[in-house]
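Structure first, commentary second.
The values are calculated or read from the model by the stated rules, or taken from the named source; none is laboratory data. All values reported here derive from a predicted model rather than from experimental measurement. Positions of Cβ are generated from backbone atoms using ideal geometry, with glycine treated the same way; all protein chains shown enter the neighbour counts. What goes into the accessible areas is simple: the full protein's heavy atoms, side chains included, and nothing from ligands, DNA or RNA. Shrake-Rupley method; radii C 1.70, N 1.55, O 1.52, S 1.80 Å.
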Amino acid sequence: MCRATIYDARNNFSALVKKAEGGEPVELTRHDKPVAVIISYEEYEKRGKKKSFFERWEETRKKYADVFSDPTFEGLPVPEDEVLDKDYLKRIDEMWG
């Protein structure tokens, strides 16, 4: 991966875009920290649009409709790191009553 500062990118944008078109991602930095990446349009298309939570949920609901409609189904286990803490839930409850 090629690396360039924002300043260099401003002055050499065409050359950096050519590198990206050739398949080499270009990392842009500010104060030595990565802030953006230039990639080819082909690479962008390959990565595709990320689906929203609701789109993924709808796909899952359709895919496992038989499981969700089973009367003995008690729900999906929630990973421990996904469980909301009590303080957060209390604040939400206070906000939305």
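In what order, largest first, do K62, K50 sit by accessible area if the probe radius is 1.4 Å?
Most to least solvent-accessible, the answer reads K50, K62.
Rolling a 1.4 Å probe over the protein heavy atoms gives the chain an accessible area of 93 Å² per residue. Farthest towards the positive end of the charge dipole of the chain, among the residues L84, A36, P71, is the Cα of A36, using unit charges on the Cβ of Lys, Arg, Asp and Glu.
Estimated from helices alone, the mean residue ellipticity of the chain at 222 nm is -13500 deg cm²/dmol (sum of -39500 (n - 2.57) over DSSP H runs with n ≥ 4, per residue). Based on C-alpha pairs under 8 angstrom that are at least 6 apart in sequence, the chain has a relative contact order of 17 percent. The accessible surface of the stretch 12-97, taken with every protein chain in place and a 1.4 Å probe, is 55 percent carbon and sulfur. Just checking the listed ones, G23, G48, G75: in the Gaussian network model of the chain with Cα springs under 10 Å, the one fluctuating most is G75. The Cα-based radius of gyration and maximum Cα-Cα distance (Dmax) for the chain are 22.7, 64 Å.
Seen from E94, the other residues with C-beta closer than 14 Å to its C-beta sum to a net charge of +1, counting Lys and Arg as +1 and Asp and Glu as -1. Straight-line cross-link partners of K33 among the lysines, defined as a Cα under 27 Å from its Cα and at least 8 positions apart when in the same chain: K18, K19, K46, K49, K50.
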